[in-house]
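> Quick one: the structure is below, and I'll ask about it shortly.
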Amino acid sequence: MQYRRFGKTDLQISEIGFGSWAIGGNSFGNVEKSDALAALARAEELGCNFVDTAAVYGNAESILGEFLQGRRQKWVVATKYSSQKLDMETTIKQQLERLKTDYIDFYQIHWAPSDHELYEKLYRLKESGLVRYVGVSLSSRNDIDYVINKTEIDGFQVPMSLVQPNPLMNKVKQIEAKGLGVIVRSCLANGFLTGKYSEQSQFNDPNDQRSHYSTEKIASLVSNARNFDCLTSENLSLTQTAINYTLAIAQVSSVILSTKNDTQASENFLASQDHALTDEQLAKIHQIQKSMGVLDYSLKENFRYWLSGLKQKLK
């Protein structure tokens with residue numbers, strides 16, 4: 001496992017992080033607690049030290065609290081203020097109790113990027129010492145300009161993948177200039193960039209958010225993913241391509257992968273090892289993205305910028 005600095009902070013986090021949404025059991029089907037704990041243990045064994053959670057992820061915070069006993073110092077813990085029904089200070093005290101810790105490493109506002117009052121509360125939490133660093137988990141890709149230009153956060157989380165590379169790809173210069181840490185989620189496009197699904201796939205578990213997908217949406221997601229099959233080989237799967245494409249961006253600190261059990265953990269947290277994409281593979285990816293119409297930036301300027309930034313960062 002490789003580690004990257006989180007923006008300008010003193011945190012060094014694993015380039016692949018543990019996404020705990022799935023183990024909470026309320027969005028991707030039920031997960032047994034024993035499986036969740038085994039997944040976390042296997043992730044730790046493979047070098048993962050960063051976990052992202054939220055109060056709205058079912059039982060995820062409580063499961064993490066049980067797991068972190070006796071090993072808190074090994075992990076960088078991120079969670080979120082997700083509901084405005086309770087004030088932020090009350091919410092975080094409840095989260096600290098569930099997580100069985102007295103501080104959060106990275107605390108994010110969930111889905112509210114333009115509420116100035118929330119940011120002021122966030123900054124006060126940082127001053128109090130209950131959280132070390134603060135940021136936002138963006139719901140909309142269109143909100144990235146606000147958090148970069150209008151706030152004093154330490155980092156943010158954003159969805160990004162082979163099939164949806166923007167807006168992160170056309171904001172790397174601004175992110176680098178401000179020294180923000182970046183956490184990427186959804187790099188596997190809800191599993192469709194794993195190659196596991198076809199046009200006939202169905203999601204029958206009502207606890208799986210994909211159960212609401214129409215036949216047309218499933219077919220479209222499968223078709224988009226297949227555009228990148230030409231990059232796979234005997235030694236490089238579509239999943240590894242998707243993960244390492246995201247990690248080829250120097251400004252990305254970590255990409256979080258939802259992980260339900262120890263088998264998935266073994267797959268996820270070994271995915272980046274010895275699979276860095278070549279310049280030629282990255283150029284091919286961008287050609288495919290241009291043909292799909294999912295790029296809205298200058299390939300020549302931005303591609304060279306973030307590629308040179310990655311090489312510098314990994315020296």
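> Pairs of lysines 8 or more apart, or on different chains, with alpha carbons under 19 Å: count those in the stretch 79-237, would you?
Lysine pairs meeting both conditions in the stretch 79-237 amount to 16.
> For a Förster distance of 41 Å, can you work out the FRET efficiency between the beta-carbons of L86 and M292, rounded to the nearest 0.05? Provide the component values of the computation, followed by the final result.
Details: r = 42 Å, r/R0 = 1.03.
With R0 = 41 Å, the Cβ-Cβ based efficiency is 0.45.
> With a Förster radius of 30 Å, plug the Cβ-Cβ distance of S62 and K217 into 1/(1 + (r/R0)^6) and report the FRET value to the nearest 0.05. If you can, show how the numbers build up before the last one.
Numbers: r = 33 Å, r/R0 = 1.09.
Once rounded, the FRET efficiency stands at 0.35.
> Then there's this: Describe numerically, in nm with one decimal, the distance between label points set 7 Å from Cα along Cα→Cβ at N235 and at K8.
4.1 nm
> If you don't mind, another one. How large are Rg and Dmax for the chain when calculated on the C-alpha trace, in angstrom?
18.7, 52
> Then there's this: For the chain, what's the relative contact order in percent, using C-alpha pairs closer than 8 Å and at least 6 residues apart?
Values: 562 pairs, mean separation 71.5, N = 315.
For the chain, the relative contact order is 23 percent.
> If amide H atoms are built 1.01 Å from N in the plane of the peptide, which residues on other chains or at least 5 residues away come under 5 Å of the amide H of V255?
Amide H neighbours of V255: I16, G17, V184.
> Moving on. Using only DSSP helix segments of four residues or longer, with each worth -39500 (n - 2.57), what per-residue ellipticity at 222 nm results for the chain after dividing by its residue count and rounding to 500? Display every interim value, and only then the final one.
Values: 11 runs with 112 residues, N = 315.
For the chain, the value works out to -10500 deg cm²/dmol.
> Only Cα pairs within less than 10 Å get springs; with that Gaussian network setup on the chain, which residue of E61, E120, E234 has the largest fluctuation?
With Cα springs under 10 Å in the chain, the top fluctuation among E61, E120, E234 is at E234.
> Please list 3J(HN,Hα) in residue order for the stretch 36-51, calculated via the Karplus relation 6.51 cos²θ - 1.76 cosθ + 1.60 where θ = phi - 60°; whole Hz, with x for glycine and proline.
4, 5, 5, 5, 5, 5, 5, 4, 4, 4, 8, x, 5, 10, 10, 10
> Something else about it: Could you please rank I144, I243, placing first whichever residue has the fewest other Cβ atoms within 10 Å of its Cβ?
Working: I144 22, I243 26.
In increasing order of surrounding Cβ atoms, one gets I144, I243.
> I've got another one for you. At a 10 angstrom cut-off on C-beta neighbours, averaged per residue, how do the peptides 9-22, 169-182 rank from highest to lowest?
Most protected by this proxy first, the peptides run 9-22, 169-182.
> What residues have an amide H closer than 5 Å to that of D208, excluding those fewer than 5 places away on the same chain, when H is modeled at 1.01 Å from N in the peptide plane?
G29
> Take the alpha-carbon positions of the stretch 41-146, form their convex hull, and give its projected area averaged over all directions (one quarter of the hull surface) in nm². Mind showing how you got there, number by number?
Working: hull surface 28.4 nm².
Quarter of the Cα hull surface area: 7.1 nm².
> Still on this structure, I have one more. Check S139: other-chain or 5+ apart residues with amide H under 5 Å from its amide H, H built from backbone geometry?
W111
Values in this text are rule-based calculations from the coordinates and carry no lab data. Please read all numbers here as calculations on a predicted model, not as lab measurements. Glycine gets a Cβ as well: all are built from the backbone with ideal geometry, and neighbour counts include every protein chain shown.
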